[in-house]
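**Student:** Handing you a structure now.
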Amino acid sequence: MQETQPSRARSRARHSDLFLFVLVLAAISVPLITVLMLYELAKGSIPSVEAFGLSFLFNSDWIPNPPNGGQPILGALPSIYGSVVTTSIALLLAVPVSLGVALFQNELAPRRIRTPSVFVIEMLAAVPSVVYGLWGLLNLIPFMRDNVEPILQTNLGFLPIFTGPTMGLGMLTAGVILAIMIIPYGSSVMREVIAAVPRSQREACFALGATKWETIRTAVLPFARTGIVAAVVLAMGRAIGETMAVTMVIGNVARISPSLFLPAETIPSVIANEFTEVAGNDIYFGALFELGLILFAIAFVMNLLGRVVIARLTVKAGRELRA
Amino acid sequence: MNCVLRLSSKRKISNALYVSLASICFVVALVPLISILYQTIVQGASALNLAFFTQVTPPIGQAGGGILNAIEGSVAIVAIASLFGVPIGVLCGAYLSEYPGKFSYYVRLLAEVLTGVPSIVTGIFVYELIVATQHRFSAFSGGVALGVMMVPIVAISTHESLKLVSQAIKEGALALGISRAKTLVYVLLSSARSGVITGIALAVARVMGETAPLLFTALGSQFLMTSINDPAASLTLTIFDFGTSPYDSSHSLAWGAALVLLLIVLGLNILVRVATRQRVKGEV
């Protein structure tokens, strides 16, 4: 009896070590994936970095197979331009709507329809990207071509951004579909930060006789301002990395033009379109990896910034609630 | 009490204006959802018949055929992904709640950042890691790509569910001399069961709809797979390939595949929400 007791304890201790080991292994997988991803992307980009160096970021030519058989000439500027323009259109359209949706769900809607309203917006987030793309290609493009773009051109055609042929296939449609896709994400993060505004703020404002809107404007929004900015940064990270829907509606042409009606390309759409067509062209292949590395870096930094700010805010709100 | 507040009409109007503006925003956000559902149901339903589920995809541009290979591929790839992603994700979530501290804080933060990394980046990462070393596109590599995406999603949802389990139950189990491992499995995960399962189901629905990570891993195929080392079709790849072709018959097949995909993805979402009536934080 006395012999078995310590050995049982020892075996239990061993089991506990094994248990901890397995859990630590699983926890390490997350940093491991991140580091491996960075390593593989960097390794893949070496041929392109060696060939172009920093000029890759500022060169506007994209000639993977020059007709005279020389070295490829590749620059990321057209795809960076396309990503910046489409993301800007998306944010311009999506940020006000997301804020409206978040305020509606958190502050304005009757209690009965709050849960269903959150539910339907979540359904919007659950629709796969490729289905947005199919709908964008076969329904949104004809609609933009026949209705939206001619109206913009007749009324605002003096602006260089609304010139050129109205094809529907181009940066404007890509921006619109991106906006539709990030509204559910943007509004759900904004809802989270608006919910973190202390109740006492609102109650104090209502007690002074403020209307609903005055309470939102003077008590809720100033308090949630940092969080809303963080939500916009997170939504921007999503929009920049969105691939399938954009690839299907943007037309995929390496060109920098002021007109939003013309086809263009974005960083992820170039990778999606050209990755399997490289066939032995090492520098070209490296350039696509370098685009992937740039995308990874942008998305990583934006998500990190947004998440850290929101974590701080929600922890602070939790502390005030308890106090 | 005669202290009834009289609002000036200007304040009343501006209140009504902004309140209705926010409500309009909500309605505007719903218009695309309704249009997508309507188009997919109307256009997709006309493609559905028995052959649609029993035949493989035709060459692009030809009429007839079905999406049997796409359904088979999607199921196989997601199954491989879950085999990797679910256990690692659940155990990672368990670590986060069992050993809170600086390391856990950073792992959790990194997991949140990873869910925001574009899925096409995961695609080229797994291409370089597996496809380039094995010299072949395969269902296996597609499964790994989706599995890599599942780990942080499942870890976050498991962590959130385990946080809700009361500390007293855990301490009670430990006080009875039950080992930490058994406490985790039989007490903690068992109490948090519905939340953990909801998180897994939502992660499955999410990766089921992914296309970009499969472009350079599973690649797509016109045939049924004979092993997981073959290239494989998927519902999403089929929608992309047939939707972007110029032929009406191919578009019809793409809409049909989109309807099947939407039924699975939205069905899973609705099912878990109705079944558990509990929102899992951090799922988006």
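**Student:** What FRET efficiency would be calculated for the residue pair B:Gln62, B:Thr133, taking the C-beta separation as r and a Förster radius of 45 Å, to the nearest 0.05?
**Tutor:** 0.80
**Student:** Towards the positive end of the charge dipole of segment B:50-276, with charges on Cβ (+1 Lys, Arg; -1 Asp, Glu), say which of B:Ile67, B:Ile228, B:Gln55 has the farthest Cα.
**Tutor:** B:Ile228
**Student:** Okay, next question. What are the membrane-span-like helices in chain B by this rule: whole DSSP H runs, Cα extent along the axis at least 30 Å, mean Kyte-Doolittle hydropathy at least -1.0?
**Tutor:** Qualifying helices, which must be both long enough and hydrophobic enough, are B:9-45, B:68-98, B:139-163, B:248-276.
**Student:** If I require 20 Å or longer along the helix axis, counting alpha carbons, and a Kyte-Doolittle average no lower than 0.5, what helices from chain A are left? Use full DSSP H segments.
**Tutor:** Sorted by number, the helices that extend far enough and score high enough are A:4-52, A:77-103, A:111-126, A:171-195, A:221-241, A:282-322.
**Student:** What stretch of chain A, leaving out the sites themselves, is the longest with no chymotrypsin sites (Phe, Trp or Tyr not before Pro) in a DSSP loop having at most 11 other Cβ atoms within 10 Å?
**Tutor:** A:159-323
**Student:** Give me the net charge of B:Tyr18's neighbourhood, meaning all other residues with Cβ under 15 Å from the Cβ of B:Tyr18; Lys, Arg count +1, Asp, Glu -1.
**Tutor:** With Lys, Arg at +1 and Asp, Glu at -1, the net is +3.
**Student:** Further question: Which whole-number percent of Cα pairs in segment A:172-295 have a distance greater than 21 Å?
**Tutor:** 57
**Student:** Does anything in segment B:112-143 have its amide N under 17 Å from the 7 Å Cα→Cβ label point of A:Thr276, and if so which residues?
**Tutor:** Correct set: B:120-128, B:130-132, B:135-143.
**Student:** Please report how far the C-alpha centroid of segment A:238-295 lies from that of segment A:163-185, rounded to the nearest whole angstrom.
**Tutor:** 16
**Student:** Within the set of other residues whose C-beta is less than 11 Å from the C-beta of A:Ser48, count the net charge using Lys and Arg as +1 and Asp and Glu as -1.
**Tutor:** Value of the local net charge: -3.
**Student:** Separate question: With +1 on each Lys and Arg Cβ and -1 on each Asp and Glu Cβ, how big is the dipole of segment B:50-276 about its Cα centre, in debye rounded to the nearest 20?
**Tutor:** Rounded to the nearest 20 debye, it is 760 debye.
**Student:** Please sort by residue number the trypsin sites (Lys or Arg not before Pro) in segment B:6-89 whose DSSP state is loop and whose Cβ has at most 15 other Cβ atoms within 10 Å.
**Tutor:** Values: sites: B:Arg6, B:Lys10, B:Arg11, B:Lys12; in loops: B:Arg6.
Answer in residue order: B:Arg6.
**Student:** Using the charge dipole of the protein assembly as shown (Lys, Arg: +1 at Cβ; Asp, Glu: -1 at Cβ; taken about the Cα centre), state which of B:Ser252, A:Ser187, A:Ala297 has its Cα farthest towards the positive end.
**Tutor:** My answer, from the dipole projection, is A:Ser187.
**Student:** Write down the Å³ per residue value for the convex hull defined by the alpha carbon atoms of chain B.
**Tutor:** Normalising the Cα hull of chain B by residue number yields 229 Å³.
**Student:** Considering the options A:Ser16, A:Val49, A:Pro268, tell which one lies farthest towards the positive end of the dipole of chain A, charges being +1 on Lys and Arg and -1 on Asp and Glu at the Cβ, about the Cα centre.
**Tutor:** The one lying farthest along the dipole's positive direction is A:Ser16.
**Student:** Please report, in debye to the nearest 20, how large the charge dipole of segment B:169-270 is about its Cα centre when each Lys and Arg carries +1 at its beta carbon and each Asp and Glu carries -1 there.
**Tutor:** I would put it at about 660 debye.
**Student:** Over 26 Å between Cα atoms: which of A:Lys316/B:Lys163; B:Lys102/B:Lys163; A:Lys43/B:Lys102 fall into that group? Please report the intermediate quantities before stating the final value.
**Tutor:** Values: A:Lys316/B:Lys163 18 Å; B:Lys102/B:Lys163 17 Å; A:Lys43/B:Lys102 30 Å.
Where the Cα-Cα span goes over 26 Å, the pairs concerned are A:Lys43/B:Lys102.
**Student:** Over all residues in B:91-99, what is the mean tally of Cβ atoms on other chains that come within 10 Å of each residue's Cβ? Show your work: numbers first, answer last.
**Tutor:** Details: counts 7, 8, 3, 5, 10, 4, 0, 4, 4.
That average works out to 5.
**Student:** Looking at chain A, what % of the alpha carbon pairs are farther apart than 24 Å?
**Tutor:** It works out to 65 percent of all Cα pairs.
**Student:** Which FRET efficiency value, to the nearest 0.05, do you get for A:Ile63 and B:Tyr38 by plugging their Cβ-Cβ distance into 1/(1 + (r/R0)^6) with R0 = 45 Å?
**Tutor:** 0.55
**Student:** Once you put a point 7 Å from the Cα of B:Val185 and another 7 Å from the Cα of A:Phe206, both along the Cβ direction, what distance in nm separates them?
**Tutor:** 5.0
**Student:** Could I ask something else about it? Given an 8 Å cut-off on Cα distances and at least 6 residues of separation, report the relative contact order of segment B:50-276 as a percent. Numbers along the way, then the final one.
**Tutor:** Values: 359 pairs, mean separation 66.5, N = 227.
This gives 29 percent for segment B:50-276.
**Student:** May I pose another question? Below 8 Å, C-alpha to C-alpha, sequence gap of six or more: please give me the relative contact order for segment A:171-323 in percent.
**Tutor:** Relative contact order of segment A:171-323: 31 percent.
**Student:** Can you give the percent of C-alpha pairs in the protein assembly as shown whose distance is more than 41 Å?
**Tutor:** So the portion of pairs separated by more than 41 Å is 29 percent.
**Student:** Take the Cβ-Cβ distance between A:Arg111 and B:Ser252 as r, set R0 to 35 Å, and report the resulting FRET efficiency rounded to the nearest 0.05. It would help to have the intermediate numbers written out before the result.
**Tutor:** Values: r = 44 Å, r/R0 = 1.26.
Plugging the Cβ-Cβ distance into 1/(1 + (r/R0)^6) gives 0.20.
Values quoted throughout were computed directly from the atomic coordinates according to the rules given, and no laboratory measurement underlies them. The structure presented is a predicted model; accordingly, all values stated were derived computationally and were not measured. Using ideal geometry, Cβ is built from the backbone for each residue, glycine included, and neighbour counts are taken over all protein chains shown.
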